[in-house]
């Protein structure tokens, strides 16, 4: 990994810690924003220019604005904080232990395998043209699936929210 | 990019995914749980792109595009559900939603 990638990875992990460690939801959203922008840097460093830009525009832009909007909607009366003590005894401790065990197992599993040497990328790898060719020539079904999914999501949200008389 | 090593990306992705799992398991605010799920989407997309770079294929890009789409749709529906939940019973803690308890 290059120096830029290492810095972006550290920032992404720091933002991830901030998401689950902050008490106030607004700080969680800002930490998530840091993580998503660092991930976009990592994506672009991997040659995925188009996906990195989409990540910035769609995720760090649109989806995060949606989160902030919902938080401000919920905060109209009082801050949307969770109750201080869980009803499930030991939830924090055992949840953290389970996540740590999973992380160790996944890292061991991921590093046990000896990966072949990386192939050299072709010219224009990850640019809009190559991405468009892959999406529209080889994976048209994925594109149609995504379109159907977005439509279902939009209709579902409208039905969910607007059903109240 | 000479000397590309995928192991670092695998580790970063695993750590982000585990942070997302920890957030879903430990936190009880539905908003923060949704954000932790977004962390897991991001980790999965990073792994797809890292292996796409490893094998110099564009297919991983298509699938991380699909991950972005699914993540956005999930965020929209999840936030709609949270708003509904809050309207119905002022609940900002999943412990307060116990009507489905057996």
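The values are calculated or read from the model by the stated rules, or taken from the named source; none is laboratory data. Just so we're clear, the structure is a prediction, and the values are computed from it rather than from any experiment. When we count neighbours, we look across all protein chains shown, and the Cβ atoms used for this are built from the backbone with ideal geometry, even at glycine.
The residue that is farthest from the other protein chains (Cβ to nearest Cβ), among those in the range A:1-45 that are touching a helix residue (DSSP H, G or I) at 6+ places or on another chain (Cβ under 6 Å) and not in a helix (DSSP H, G or I), is A:22. Any idea which residue in the range B:55-81 is surrounded by the most Cβ atoms within 10 Å (Cβ to Cβ), counting only those that are farther than 20 Å from residue A:149 by Cβ and touching a helix residue (DSSP H, G or I) at 6+ places or on another chain (Cβ under 9 Å)? The qualifying residue surrounded by the most Cβ atoms within 10 Å (Cβ to Cβ) is B:58. Applying the criterion of at least 3 residues that are touching a residue at least 24 places away in the same chain (Cβ under 8 Å) to the helices (runs of 4 or more DSSP H) found wholly in the range A:46-165 leaves A:49-54, A:64-74.
Of everything in the range A:84-96 that's surrounded by 13 or more Cβ atoms within 10 Å (Cβ to Cβ) and under 16 Å from residue B:32 (Cα atoms), which residue is modelled with the lowest pLDDT? Steps first, please.
Step one: list which residues in the range A:84-96 are surrounded by 13 or more Cβ atoms within 10 Å (Cβ to Cβ), which gives A:86, A:91-92, A:94-96.
Checking which are under 16 Å from residue B:32 (Cα atoms) leaves us with A:86, A:91-92, A:95-96.
Details: A:86: 73, A:91: 81, A:92: 83, A:95: 88, A:96: 89.
Per the criteria, the residue is A:86.
Filter the range B:28-47 for residues that are under 13 Å from residue B:79 (Cα atoms) and in a helix (DSSP H, G or I) and give the result. I'd like the intermediate steps shown before the answer.
Of all residues in the range B:28-47, those under 13 Å from residue B:79 (Cα atoms) come to B:29-35, B:37-38.
Listed by number, the residues that qualify are B:30, B:31, B:32, B:33, B:34, B:35, B:37, B:38.
Screening the candidates B:31, B:49 for the property of being at pLDDT 90 or above and within 16 Å of the chain's Cα centre (by Cα) yields one hit, B:49. Exactly one residue out of B:19, B:25 is farther than 25 Å from residue A:151 by Cα, outside any loop (DSSP other than H, G, I, E, B), free of Cβ contacts under 8 Å to residues at least 12 places away in the same chain and touching a helix residue (DSSP H, G or I) at 6+ places or on another chain (Cβ under 7 Å): that is B:25.
Restricted to the range B:75-101, and to residues there that are in a loop (DSSP other than H, G, I, E, B) and within 10 Å of another protein chain (Cβ to nearest Cβ), the residue that is modelled with the lowest pLDDT is B:91.
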